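Each remark here refers to the structure printed beneath this line.
The values are calculated or read from the model by the stated rules, or taken from the named source; none is laboratory data. Because the structure is a prediction, the values reported are computed rather than measured. Cβ coordinates were reconstructed from backbone atoms using ideal geometry, including for glycine residues, and neighbour counts include every protein chain displayed. Please note that ligands, DNA and RNA were not included when accessible areas were found on the heavy atoms of the full protein model with its side chains. Shrake-Rupley method; radii C 1.70, N 1.55, O 1.52, S 1.80 Å.
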Amino acid sequence: MAFRVAFIQYLLVFIVAMVGLTRPAVGQAQRAVEIRRYAVEQVQQGVAVDKAFFYVINNHSLTKHDKKDGRQVAAWQDSTGLLKHMNSGLVRGNTLICTHSNYPDVPMSSSIEVFDTRTLRHVDTHSFGLMPGSVTWADFYRGHWWVAFANYSNKASAEGRDNRWTMLVKYTPDWKAVESWTFPAPVLQAFAPYSTSGGSWGPDGLLYCTGHDKPEMYVLKLPDRGSVLQHVKTIPTVSEGQAFSFDRSVTGALVLYGITRKGNEVIVSEIR
């Protein structure tokens with residue numbers, strides 16, 4: 001009798017093990033796999049992308065490049081001295097929307113600067129003025145603007161705030177603030193001593209963010225309750241922090257354009 005019980009137990013364990021071997025793995029870790037990279041003359045802050053071109057964002061300048069070979073086809077340089085620190089970019093239609101701040105000056109002030117993608121001519125501006133943080137990235141998603149205001153835990157900190165004061169603000173299309181959220185402690189620790197430098201909503205309804213220099217992407221979601229974003233997972237990347245863009249002209253894949261400042265390169269990768 002004891003032998004029969006033991007045999008049945010062994011058989012059950014064997015069956016469970018076999019099922020586990022044949023069942024697809026659940027929750028496998030994602031990572032960014034490099035597709036290609038482009039060498040450019042200079043890349044400081046980030047990159048934006050549309051169907052045919054990518055746009056390199058520097059503190060006071062922009063360059064436009066053909067996606068086929070990386071060839072530069074247009075450039076823009078601020079000749080007024082009014083722009084200090086552009087951060088990230090987003091292509092909407094025929095416009096390139098760039099975030100801008102007076103970083104590292106205080107008190108912190110920020111703006112949105114708009115360019116024509118065809119010529120890189122500056123065509124519009126929206127000033128946030130003085131805010132408790134510097135605008136580092138903006139995205140347009142589900143009929144609203146989503147804007148990150150960064151704070152820092154180093155010499156760039158201001159008015160007694162550290163990077164825990166970093167926040168995401170939701171605006172109407174005419175820039176009326178609706179809601180705001182803070183970032184979760186584990187992600188702030190990963191950002192430290194800096195803050196979020198890039199961000200965009202993914203096709204899965206999750207928010208993807210990068211920090212200042214780590215080759216990581218932090219995936220977040222809005223909370224069911226409360227005011228703190230929820231950390232879903234962290235994805236290793238090839239590009240090293242800073243502002244990035246998803247190539248929304250690609251369907252069926254999550255293709256990421258990021259940068260590395262070490263070699264002045266734009267890196268294209270796919271999150272798998």
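Annotations
- Mean Cβ count within 10 Å, highest first, over the residues of peptides 105-112, 134-141, 252-259: 134-141, 252-259, 105-112
- In region 171-250, chymotrypsin sites (Phe, Trp or Tyr not before Pro) in a DSSP loop with at most 13 other beta-carbon atoms within 10 Å: Trp175
- Rounded to the nearest 20 debye, the dipole magnitude of region 98-196 is 140 debye, with +1 charges on Lys and Arg beta carbons, -1 on Asp and Glu beta carbons, and the Cα centre as origin.
- Count Lys and Arg as plus one, Asp and Glu as minus one, and take only other residues whose Cβ is under 14 Å from that of Leu130; the net charge is then -1.
- Apportionment of accessible area to carbon and sulfur, the chain, percent (1.4 Å): 55 percent
- The chain - percent relative contact order, Cα under 8 Å, separation 6 or more: 18 percent
- The gain in end-to-end length when the His144 to Arg248 segment is fully stretched comes to 35.7 nm, 0.36 nm per residue minus the alpha carbon separation.
- Trypsin sites (Lys or Arg not before Pro) within region 76-172, DSSP loop, no more than 16 other Cβ atoms inside 10 Å: Lys84, Arg118, Arg121, Arg142, Lys155, Arg161
- Check: the chain dipole with +1 on Lys, Arg Cβ and -1 on Asp, Glu Cβ, in debye: 700 debye
- Extension gain for Val232 to Glu34 (0.36 nm times residue separation, less C-alpha to C-alpha distance): 69.0 nm.
- Charge-dipole axis of the chain as Lys and Arg at +1 and Asp and Glu at -1 on Cβ define it, positive-most pick from Leu188, Ser61, Leu220: Leu220
- Working note: Karplus 6.51/-1.76/1.60 with θ = phi - 60° gives region 179-196 the couplings 8, 8, 9, 9, 9, x, 4, x, 6, 4, 5, 5, 5, 3, x, 9, 8, 6 Hz, where Gly and Pro are set to x.
- Rounded to the nearest 10 Å², the accessible area of Trp146 at probe 1.4 Å: 10 Å²
- Pairwise label distance in nanometres, Lys221 with Thr80, each label 7 Å out on the Cα-Cβ vector: 4.3 nm
- In the chain, taking the dipole from charged Cβ atoms about the Cα centre, the farthest positive-side position among Gly199, Gln230, Gly46 is held by Gln230.
- Residues in region 203-210 carry Karplus couplings, in order, of x, 8, x, 9, 9, 9, 10, 10 Hz; the curve used is 6.51 cos²θ - 1.76 cosθ + 1.60 with θ = phi - 60°, and Gly or Pro positions show x.
- Calculated [222 nm] ellipticity per residue, helices only, for the chain: -3500 deg cm²/dmol; basis is -39500 (n - 2.57) per DSSP H run with n ≥ 4, divided by all residues, nearest 500.
- Vicinal HN-Hα couplings computed from phi for region 93-106 (Karplus, 6.51 cos²θ - 1.76 cosθ + 1.60; Hz; Gly/Pro x): x, 9, 10, 10, 9, 10, 8, 8, 9, 8, 3, x, 5, 9
- Using a Förster distance of 35 Å, the FRET efficiency for Arg164-Leu206 (Cβ separation, nearest 0.05): 0.95
- Positive minus negative residues near Ser153 (Lys, Arg vs Asp, Glu; Cβ under 12 Å): +2
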